[in-house]
Amino acid sequence: METTIVTAKDGTKSRFRLLAQNDQSALGDFFEKLSEQTRSRFAPHPLSSEFATQLCANLLTDTTQRFVLESDGNIIGYFILQAQMSEHEALRYAQQGIILKTGDDLLFAPCIADKYQNKGFASLVMEILINHYKERVKSFVLMGGTQETNHAGRSFYKKFAFKEYGGYQTDIYNIDMRLLFG
Ligand SMILES: CC(C)(COP(=O)(O)OP(=O)(O)OC[C@H]1O[C@@H](n2cnc3c(N)ncnc32)[C@H](O)[C@@H]1OP(=O)(O)O)[C@@H](O)C(=O)NCCC(=O)NCCS
């Protein structure tokens, strides 16, 4: 996918593009600076400099698509689209009669740096991702669902026509959400 310049509601510009091998330091900073509040909502993998280094070093063999929003050399957003279906999601959706498949259904997880949240960045990215993937895959499935108490997150996904598919309990209650194309 080509690099796209997006402009937030406050005029801040950012480049939306694939994660690159030389992003390790900027991605590490992005992970390390995430607040406890954001970490409590977004935890697909360790959010550390060490993990950023590993991700960037392994990009050539990574089957997951990772995108970033970059502004003035800083990473301000990170978006995961994982083609490899996870057993957890497959089992939960199977209980509702829905068969999720590697390649057909992408696991999706977005995160915006704290001070850039609610400026419209993720909405701009969703439009790009939906336009790109709607003819290529069957659905986006929220990785791990979203926490029941994440009202802003749930409204955000509903704005893009994600539907709720029941929930499951960990130490908190989570709602599964999926955007079905076509
Ligand atoms: C969820 C997240 C990715 C959204 O990105 P963002 O760039 O802040 O989102 P946008 O500014 O494009 O859109 C914000 C939308 O959230 C919703 N929203 C925000 N605050 C809200 C509130 N107080 N009540 C209800 N809805 C709210 C609205 O749908 C809003 O859209 P609108 O401005 O058109 O009404 C981002 O806030 C984030 O990273 N949060 C922390 C981590 C997280 O929750 N990740 C998702 C885990 S499932």
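Tabulated data for the structure shown
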{"read-out": "Selection from segment 165-182 of residues that are closer than 19 Å to G97 by Cβ and within 12 Å of the ligand (Cβ to nearest atom)", "value": "I175, D176, M177"}
{"read-out": "Cross-chain or 6+ apart pairs with Cβ under 6 Å, segment 94-120 first and modelled with pLDDT of 95 or more and away from the ligand (no atom under 16 Å from the Cβ), then open to solvent by 60 Å² or more (accessible area, probe 1.4 Å) and outside any strand (DSSP E or B)", "value": "T102/Q84; D104/K138; D105/K138"}
{"read-out": "Which listed residue is part of a loop (DSSP other than H, G, I, E, B) and either buried (at least 16 other Cβ atoms within 10 Å of the Cβ) or more than 17 Å from the chain's Cα centre (by Cα) (or both), from K115, K101", "value": "K101"}
{"read-out": "Residue that is farthest from M126 (Cα to Cα) [pool: residues in segment 20-33 that are surrounded by 19 or more Cβ atoms within 10 Å (Cβ to Cβ) and within 17 Å of the chain's Cα centre (by Cα)]", "value": "G28"}
{"read-out": "Pair list, Cβ under 6 Å, 6 or more apart: segment 70-86 residue free of Cβ contacts under 8 Å to residues at least 60 places away in the same chain and open to solvent by 10 Å² or more (accessible area, probe 1.4 Å), other residue assigned to a loop (DSSP other than H, G, I, E, B) and of a type outside the set (S, T, N, Q)", "value": "A83/G103; M85/L100"}
{"read-out": "Residue pairs meeting the criteria (Cβ under 6 Å; at least 6 apart or on separate chains; first open to solvent by 80 Å² or more (accessible area, probe 1.4 Å), in segment 1-19; second of a type in the set (D, E))", "value": "R15/E70"}
{"read-out": "Segment 147-160 residues that are open to solvent by 70 Å² or more (accessible area, probe 1.4 Å), paired with ones that are among the β-branched types (V, I, T) (beta carbon under 8 Å, 6 or more apart)", "value": "E148/I172; E148/I175; T149/I172"}
{"read-out": "Count of residues meeting criterion [within 16 Å of the ligand (Cβ to nearest atom) and either of a type in the set (A, V, I, L, M, F, W, C) or farther than 20 Å from S25 by Cα (or both)] in segment 39-66", "value": "5"}
{"read-out": "Segment 148-157, residues that are near the ligand (Cβ under 7 Å from one of its atoms) and within 16 Å of the chain's Cα centre (by Cα)", "value": "N150, A152, G153, S155, F156"}
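The values are calculated or read from the model by the stated rules, or taken from the named source; none is laboratory data. Values in this document were obtained by computation on a predicted structure and should not be read as measured data. Glycine also receives a Cβ, built like all others from the backbone with ideal geometry; neighbour counts cover every protein chain displayed. The area values use the complete protein model at the heavy-atom level, side chains included, leaving out ligands, DNA and RNA. Shrake-Rupley method; radii C 1.70, N 1.55, O 1.52, S 1.80 Å.
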